[in-house]
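Values quoted throughout were computed directly from the atomic coordinates according to the rules given, and no laboratory measurement underlies them. Not measured: the values here are computed from a predicted model. FYI the Cβ positions are ideal-geometry reconstructions off the backbone, even for glycines, and counts take in every protein chain you see.
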Amino acid sequence: MMGRKWTVILGCLIYMIGVIIQMITNVNTALGPIVAGRLIAGIGVGFESAVVILYMSEISPKKVRGALVSGYQFCITIGLLLAACVVYATKDRTDTGSYRIPIAIQFPWAIILGGGLMLFPDSPRYFVKKGRLADAARSLSRLRGQPENSEYIQVELAEIVANEEYERQLVPNTTWFGTWANCFKGSVFKANSNLRKTILGTSLQMMQQWTGVNFIFYYSTPFLQSTGAIDNTFLISLVFTLVNVCSTPLSFWTVERFGRRTILLWGATGMLICQFLVAIIGVTVGFNHTHPDPADATKSIANNIPAVNAQIAFIAIFIFWFASTWGPGAWVLIGEIFPLPMRSRGVALSTASNWLWNTIIAVITPYMVGENRGNLKSSVFFVWGGLCSCALVYTYFLVPETKGLSLEQVDKMMEETTPRTSAKWVPHETFASQVARNGVLDKVTVDNVERRSSNV
């Protein structure tokens, strides 16, 4: 297996190939190569989106892990903003630059990510999983800025090694297909079962998509354009993207100060209020009430333009709530809830769930709001508000608090407490810490780990 670092680098190479294929097309035969290039680039993005979260979670110190993983979502928002600016700047071009420039601007970021990772070590937890303890010690030493034989490095390494051995006793070695099957073992009613964790990770990403945020970013321009209340709807969508970028860094502080579970609860509450307000204003005095444009009978103008502007304002506030809570929070949690033997598979399944629901929502939304389809207009926000309400209930009953815990302690917490009481759980001596006491690795445990050649 390639490990976390080299898998991301491979994803960057695949992505660059996809971008090149899209760039070298000519105007007469562009569609086929662009579709093919998008598919290839999408494979690269799949590699990166699944493994970057895993890598960041495994190399980060527990005190700042949430903030650092939140940076993943922040970088996504910066990419969205840059893309919106480039598209806005090239929208009036009539040559091939109208599509080649936005495509070409994607290329250097893959070089930056892949080249930058060449300078970093692979995950110490990956090395432990493969029985390469010397490499794990060197990796931890580089990441923490401490000598390999320092007490700090030895204690952390001992905890990782002992926990790996403990988890391996529960999840024995198996085939490649068996490692995927392990993700679905156990009872759905047992909080610490692999199946329960897999459902938690995949449903977290599903709920993130159910908030309706991608309806805003995918369809806000045609949706607002049909009101006639906004002269430059493209600029409004750019403002929405800017709100997204500016709000996300707030999570760097809140995710560690208040915790993952808390910000998801408050975020779901804020989002559902905004969604229902947009819907209520729209069906009473806002977007749903229009009259024909005297200058162009094919267009409509809102009867109450200030009401439509209020709807736009609440949409922007909704984006603030999403960007500062559910946007980064869901990614932080999926990097923390899985035990090491199934972590790579669990994060991959969770990421796949995100993209699956992203696709489903992108496909069904035109049928919900299209004039010749559902034509829900502002009523579509009742749907998103209802789904945000589901996210609130879901978080309250099923999402645990992982703030301040090592990845090894998260397993113990989920075994001993419930999501509603998890914030009060206090770390205590575990199997791993007993073995790792005084920073000395038990020889039998070390030998067991080094003998294992995991297929995961």
For the chain, alpha-carbon Rg over 2.2 N^0.38 Å
1.07
Quick one: angle between helix 65-90 and the longest Cα principal axis of the chain, in degrees between 0 and 90, rounded to 10, please.
30 degrees
Determine one quarter of the surface area of the Cα convex hull of the range 185-425, which equals its mean projected area, and express it in nm² to one decimal.
13.4 nm²
Computed over the range 1-120, the relative contact order (Cα-Cα under 8 Å, seq sep at least six) in percent reads 34 percent
What's the percent breakdown of Cα-Cα distances in the range 80-212 across 5 Å bins, shortest bin first?
2, 8, 10, 10, 10, 12, 14, 11, 9, 6, 5, 2, 0
Full-extension gain in nm, Ala362 to Tyr152, via 0.36 nm per residue minus C-alpha separation:
70.8 nm
Computed over the chain: relative contact order in percent, which uses C-alpha pairs under 8 Å that are six or more apart
24 percent
Rounded to whole angstroms and listed largest first, the alpha-carbon spread of the range 1-120 along its three principal axes comes to 52, 31, 20
Amide H neighbours of Thr290 under 5 Å, counting only residues 5+ apart in sequence or on other chains, H built in-plane at 1.01 Å?
Asn303
Which angle from 0 to 90°, rounded to the nearest 10, does the C-alpha axis of helix 407-416 make with the longest principal axis of the chain?
90 degrees
Subtracting the Cα-Cα distance of Arg38 and Asn372 from 0.36 nm times their residue separation yields 117.3 nm
For the range 129-213, what is the relative contact order in percent, using Cα pairs closer than 8 Å and at least 6 residues apart in sequence?
13 percent
With a 10 Å Cβ neighbour count serving as the proxy for reagent exposure, in which order, fewest first, do Met118, Met413 appear?
Met118, Met413
Proximal lysine pairs, the range 185-425, alpha carbons under 30 Å, eight or more residues apart or interchain:
14
Where does the charge balance sit around Tyr126 when Lys and Arg score +1, Asp and Glu -1, over other residues with C-beta under 10 Å from its C-beta?
+4
